[in-house]
1. Once you've got the GNM for the chain with C-alpha springs shorter than 10 Å, pick whichever of I237, I252, I142 has the biggest mean-square fluctuation.
2. Given an 8 Å cut-off on Cα distances and at least 6 residues of separation, report the relative contact order of the chain as a percent.
3. Using a Förster radius of 60 Å, what is the FRET efficiency between D328 and V131 based on their Cβ-Cβ separation? Nearest 0.05, please.
4. If we count GluC sites (Glu not before Pro) as exposed when they sit in a DSSP loop and have at most 11 other beta carbons within 10 Å, what is the longest stretch of the chain that avoids them all?
5. So for the chain, taking the charge dipole from beta-carbon charges (+1 Lys/Arg, -1 Asp/Glu), which of S193, V58, A36 sits furthest toward the positive end?
6. If we count other beta carbons within 10 Å of each Cβ, what is the order of R90, R441, R73, fewest first?
7. Could you state, as a whole-number percent, how many of the C-alpha pairs of region 13-162 are farther apart than 28 Å?
8. So between H335 and L290, what do we pick up on full extension, going 0.36 nm a residue minus the alpha carbon distance?
Amino acid sequence: MVGSGTRVYGARAWRFMPQDFRMASSYGVPEGSSLADWPISYEDLEPWYERVEWEIGVSGDHRAMLHLPPYKRPYPMPPLPDNAQVRAGRVGLNKLGWNALPLPQFINSVPYLGRPACIRCQHCVGFACPVDAKNGTRNTLIERALRSGNCELKPGVMVERIDCDEGGRARGVRWFEADGTPGSAQAEVVIVSAGAVESARLLLNSATAQEPAGLGNRSDQVGRHLQGHSVASARGIFPQPVMDNLGPGGGIGTCDFNHGNPDVIGGGIIIDNLIVLPIIFWKRFTPPDLPRWGLAAKQFMRDSYRSVGEAKATIQEIPNPDARVRLDPNVRDRHGIPVARLSGAIHPETLRTADFMAERAEEWFMAAGAKKIWTSRPRPGLSGGQHQAGTCRMGDDPSTSVVDRWQRVHGHDNLFVLDGSVHVTNGGFNPVLTIMALAWRAADGILARW
Ligand SMILES: Cc1cc2nc3c(=O)[nH]c(=O)nc-3n(C[C@H](O)[C@H](O)[C@H](O)COP(=O)(O)OP(=O)(O)OC[C@H]3O[C@@H](n4cnc5c(N)ncnc54)[C@H](O)[C@@H]3O)c2cc1C
């Protein structure tokens, strides 16, 4: 297996909605886009969503998830407690009559699977959890795999290429250790889990005489349809402190605008954002009419750090084939492997949806009582970012996709891609739970055969 299996940088543990799996049927295919339906449905994935929620550990309230079909099993842990920002956010959502839901999070709200509850330190993103209450593959599945004695973890290894025989059967991989020493292994099954950019890069770097444009790339699909999430936000100054130093932060939101919006395609969640470090506050939360230096900026930091909140919309991007990952013809990494080159831009429909979502975020904070509100919207430009997806899309037709519905690379019996790159569309939700549920489903498929 190439890659660690999905990491969790933040903690949001969202299921996609049924409509997210059938975007083309629901909205048509906008010009210049490659909007498409998935070959599988929400119902196909539902048992694995549930399984990941219990095996990795998610806190939340299934009864509040009114945008989804009823859950068959609740979350294993109740929601995390409110902080001041969540309380302010709830006032606004209730006033507007929008469904207010506690965010489902990969964070222990009570002791779970032998690890303690969250101590509410507010530094979930970018830092290791001091008490190990944040859940990801590293402290659950990888740990269990290592304990089984059947798994060897090779940290710091950079896989250079996948070897295939003339019949297209993957034979193994070649890599470089952290110190540059080359290594290799033979394998019955090769699973690529390197993330949307790096999985595409690896397939492209593994060209053979039979597939000179890269493994699985006979139809020129590897690397295309690169997506992420566009973000629109409203930031507002509240008359009261909304930062009370209690983490994890980012605890409430609504899914009323993921679908069914007039005249836009899709939509996304709107949530209150995590508590930010002072330097990030200065970089991102300074109002546009305020200088970013000097006494006025310092005064704003002193007076407003605790009273500014952010309502953030994570917007479903409309994929297009020109947003893509290719190999750079000139630049190589320290091992001499060609690096990825990203190009293309987000589709104009995504920008239209972002305008709509920025207005909803602003509406929320006005209703919540913010006195001064300013918005930010995505600019046209490259996609990919922190929720990168889509470069090895799943489909039944090898001429328009890279992997089949069980995530096997078309034309390669024993080569699989298990990560965000297989997403046909990326939902209006943080993607990790979906990546993990898909990977679990595909792994069960692999186990049934080998
Ligand atoms: C700051 C931040 C916050 C986020 N918060 C959330 C959140 O709250 N909820 C959510 O759902 N998502 C969140 N995400 C997104 C989420 O982390 C990604 O969507 C997810 O990790 C992608 O999973 P993946 O398996 O596709 O790739 P990754 O998790 O990136 O795993 C790929 C692995 O492969 C390794 N690798 C790559 N190339 C090679 C190679 N050639 N050889 C060997 N190893 C290789 C990489 O080092 C990595 O370990 C966040 C992301 C960021 C950056």
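Laboratory data are not the source of any read-out in this text; all were calculated from the coordinates shown. Only a predicted model underlies this, so the values are computations on that prediction, with no experimental measurement involved. So basically every Cβ, Gly included, is an ideal-geometry build from the backbone, and we count neighbours across all protein chains shown.
1. For the chain, modelled as a Gaussian network with Cα springs under 10 Å, the answer is I142.
2. Relative contact order, the chain: 23 percent.
3. Working from the Cβ atoms, E equals 0.90.
4. 189-450
5. Positive-most Cα among the choices belongs to V58.
6. Ordered from fewest to most neighbouring Cβ atoms within 10 Å, R90, R441, R73 come out as R73, R90, R441.
7. 40 percent
8. Once the chain is fully extended between H335 and L290, it gains 11.6 nm.
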